[in-house]
Every structure is written in structure tokens, then in C-alpha cells.
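Take a look at the structure set out below.
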Ligand code: AMP
Ligand code: MG
């Protein structure tokens, strides 16, 4: 038996960030930059007005006030999108809109609120400083400046900056492509009615959803029978498009546990008993020339989802260039609202429901119990040496992956 931390350490020592790739900026959302990015153009690209108002020579309106306004002739209107290069001579003004290019010579804008809004002549009672209400060319970003560093996670704000700075494609660590396949003679495709002795392959849809909620790209293969040749053929044919393969089922002590029988003989696959509940039988290794990491998770649905949270999600984050959330993960501290027993010597992942900062059991804790799994908000992580959680005890909780699918 090995500790959870030991198994995870072997996984995280093995996985590498996916080879970087150029993507269009919008497709790169949720990815991490693999290189620094420089601005192709300065921002703002041209000096423009920050307000709707009147472009002026500040000297013309110096000292203007409610009591002694300054009257200027309005010689032009400049809208946003005006592409003519205009010049303003002293003693005149032009009506200007937010984002419109400042006419040459003008050095300030009087907001429309500080005028009578005139269109032929305007009476101005505000006296801006030179540069006031003006956005200077290049004040935000200089041309050639490094605007985002390698390692930056791209969200809406970063994507906007890239687009504005004239950057169409960026080098990123792409989303890992994850092949999900389940094994078992008893499985039928979701949507089909299972006969006696059969069950719906819920694991492959569950793990496909889990892969998506950590920002990776799932390829659901679905159920493969407990047959050595079919299993090996399926895995070999999937290796070409996979950065990771996840299987479920067939790794415990049963007579037809094909995954373990077949994969024990190849690559660097290693099968261990991990001191955890649920999820004890785990396999991990790399297969094929590209050394694709393969996780063989147990078949029981709760075991498979717990294993995903504890082992696969940290690995996928590391492969996406985001190693920050490995282990221990971002625990949420809570207080037990009831007491429960925990097995000695194993890290237990109890399915719990949040009630403010308190947690209670989500229902039956059997590793086949999807009803309780679906009711749960989090896994309460009970360390191996703790055999009883008492009401009022502090427990660390690992929130279950949410509903967002980026
Ligand atoms: P195994 O690890 O293959 O012995 O499977 C353990 C338990 O998990 C058995 O009750 C299986 O029927 C169940 N199981 C295995 N694969 C799946 C699956 N894809 N979806 C739902 N349950 C499964
Ligand atoms: Mg099985």
C-alpha cells in the first residue's frame, strides 16, 4: 500500500506541459502563454478625446468661468471613427466625441457639461489644464512593449489586450486532449436501456464532463468489453490523438480485470494499492512513443470521480502549464455538523453537503452510490490517522468540480 501523496508525486514527476502551439487569441481562452508577447502597435494608437465636448487650445479658455465664460466659434464636428487629420487654429474650437482623434494643435477638451452645447458658437465656462480629458497616444502601451509574460492565463481582459495590440495569434500550452474510455462487459451506451445484469456506462460521461470542467478537451470513446485484444487495440488506436488516456474499471482483484492484466505487461504502467477510500486500486504509467500518460481508475463511479479530483485534475493542470494547484489543493475549511467514523490507515474522501461553513454527510457512502454523489458539494478529506470525525471538528474539504464547462 502506498500513500496518496506518493502516488500523486509519481504522477506529477512524470507529466510534462503539452507541446506549445499557436492559436487565435479567442481560441486561446483558458490557456497559458508559452512565450512573452509584444505589442505590435501603441495604445491608444492616436491621441483622442476622453469626453464628449469641445477640443480647444487650453490657453484660449484659461480663466473661463460661469461668471465670465469664453465664446468660441465651432468650426467642425469630429466623431469617433473620423479618419481625417484635422488642425485647430487658435481662437476656434471643434465639437469632439469620446474616442475621436484630437485635431492637431488642440491640447485639451472642455466637457460638454461645462458649455452651453452650442453648434455655431459655444459658450465655455470650464478651463481645462493642457492635456486634460485627452488620452495621449501610447500612454497605455508602447509599441514593442512586452504586454503579457509567458505563464499568463488568458481570460477576457488579456484577450482584449492582445486583440487591441494587434496580436492575432499567440503561442500557448494547448488544452490537453484526454481520451476517456471505460471497460466492462456489463456496460451499455447511455440512452440505451440496460438488460438484466447490465448497467449504463455512466463513468465515461462523468469523466468527460470532469475533463471539460478543468479546461481540457475530452474525447469520449465509451465502453470497451473485458477483452484483452479489443482493449489493447482500442488503446493503441487512441494513442495518436491523446495527450492523456483515462480508463475506468478492470483494475481490482476480479477474475476479469482486463485492464490490469493487459497493461501490467507494457510500458511503464504500474498498479498500486493506494491508502485511500474510495479509490484504492490505481494504475498509472506512460504508453507509446510519445509517452502518453495513462490513468487506470477504478470502476466504481464514486471511486473514479474521487480519483479524478485527487490525481487526474492536478496532472491535467500541470500539463496545461498551471502547476499551482497540485497538492494539497485549495482546501475549504469547514466544521463537521455531525460525527462519522473513518477507516484507520487510509485517507478518506467523505461526500458532504455544505450548510454555511458546516458540513453533513451527503448520504450513503458506498462507492457505487451516485445518488449521494450527485447530492454532494465537496469531499471532506479525513487523514489516515483520524478514525472518527466528531461534531464540531474542523475538516478540510475539497470542493467537487462545478458545472462550468469552459
Ligand atoms: P470493476 O473495477 O471493473 O470491477 O468495476 C467495479 C464496479 O464499478 C462494478 O460494479 C462495475 O459494474 C462498476 N462500473 C465499472 N465501469 C463502470 C462504468 N463505466 N459506469 C458505471 N459503473 C461502472
Ligand atoms: Mg469491470
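Cα axis of helix 4-14 to longest principal axis of the chain: angle in degrees, 0 to 90, nearest 10?
Taking Cα atoms only, the helix is inclined about 60 degrees.
PRE reach from residue 84 (point 7 Å along Cα→Cβ): which of region 55-77 fall under 14 Å by backbone N?
The answer is 75-77.
Can you tell me the Rg and the Dmax, both Å, for the Cα atoms in region 130-205?
Here Rg and the maximum Cα pair distance are 25.5, 84 Å.
Please report, to one decimal in angstroms, the Kirkwood hydrodynamic radius of region 94-229 built from all distinct Cα-Cα pairs. Mind showing how you got there, number by number?
Details: mean 1/r = 0.0462 Å⁻¹.
About 21.6 Å, per the Kirkwood formula over Cα pairs.
For a quick check, take a GNM of the chain with Cα springs below 10 Å and name the residue from 174, 383, 194 with the largest mean-square fluctuation.
194
Run through every distinct alpha carbon pair of region 197-282 and return the Kirkwood hydrodynamic radius in angstroms, one decimal place.
On the way: mean 1/r = 0.0701 Å⁻¹.
For region 197-282, inverting the mean 1/r across all distinct Cα pairs yields 14.3 Å.
In deg cm²/dmol, rounded to 500, what helix-only [θ] at 222 nm does the chain give when every DSSP H run of at least 4 residues adds -39500 (n - 2.57) and the total is split over its residues? Working shown, then result.
On the way: 9 runs with 73 residues, N = 406.
Mean residue ellipticity, 222 nm, calculated: -5000 deg cm²/dmol.
Binning at 20 Å from 0, report for the chain what percent of all alpha-carbon pair distances ends up in each bin.
Taking every Cα pair in the chain, the percentages come to 23, 36, 20, 18, 3.
How big is the equivalent ellipsoid of region 206-364 along its three axes, where each semi-axis is √(5λ) from the Cα gyration tensor, reported in whole Å from largest to smallest? Before the final figure, lay out the partial values.
On the way: eigenvalues 178, 72, 37 Å².
The three semi-axes for region 206-364 are 30, 19, 14 Å.
Could you list 31, 397 in order of exposure, starting from the residue whose Cβ has the fewest other Cβ atoms within 10 Å?
Details: 31 24, 397 20.
In order of increasing Cβ crowding within 10 Å: 397, 31.
Between region 44-92 and region 134-160, how far is it from one alpha carbon centroid to the other, in angstrom?
If you average the Cα positions of each part, the centres end up 29 Å apart.
Sort the following peptides by mean Cβ neighbour count (other Cβ atoms within 10 Å, averaged over residues), highest first: 9-19, 53-63, 79-89.
On the way: 9-19: 15.5, 53-63: 20.7, 79-89: 12.3.
Final packing ranking: 53-63, 9-19, 79-89.
What is the distance in Å between the Cα centroid of region 98-115 and that of region 163-220?
With region 98-115 and region 163-220 each reduced to a Cα centre, they are spaced 55 Å.
If region 321-406 were replaced by its equivalent ellipsoid, with semi-axes equal to the square roots of 5 times the Cα gyration tensor eigenvalues, what would those be, largest first, whole Å? Display every interim value, and only then the final one.
On the way: eigenvalues 85, 53, 36 Å².
So the three semi-axes of region 321-406 are 21, 16, 13 Å.
On a 0 to 90 degree scale, rounded to 10, what angle separates helix 228-238 from the longest Cα axis of the chain?
Helix 228-238 and the main axis of the chain meet at about 10 degrees.
How many nm separate the modelled label positions at residue 188 and residue 393, each set 7 Å beyond the Cα in the direction of the Cβ?
With each label placed 7 Å out from Cα toward Cβ, I get 4.2 nm.
On C-alpha positions alone, give me the angle between the axis of helix 202-213 and the longest principal axis of the chain, in degrees, nearest 10.
Here the helix axis deviates by roughly 30 degrees.
Averaged over every viewing direction, what's the projected area of the C-alpha convex hull for region 227-273? Give it in nm², one decimal, please.
Details: hull surface 14.2 nm².
So the mean shadow area of the Cα hull is 3.6 nm².
Quick one: divide the alpha-carbon radius of gyration of region 15-101 by 2.2 N^0.38 Å and tell me what you get. Spell out each step's value before the answer.
Numbers: Rg = 22.3 Å, N = 87, 2.2 N^0.38 = 12.0 Å.
In units of the globular-protein estimate, region 15-101 measures up at 1.86.
Highest mean first, how do 166-173, 182-189, 225-232 rank when packing is the count of other Cβ atoms within 10 Å averaged over residues?
Values: 166-173: 18.1, 182-189: 20.0, 225-232: 15.6.
Per-residue Cβ counts within 10 Å, averaged per peptide and sorted highest first, yield 182-189, 166-173, 225-232.
Bear in mind that the values in this text are calculations on the coordinates, not laboratory data. Computed from a predicted structure; not experimentally measured. A quick note on method: Cβ atoms are made from the backbone with ideal geometry, for glycine too, and the neighbour counts reach across all protein chains shown.
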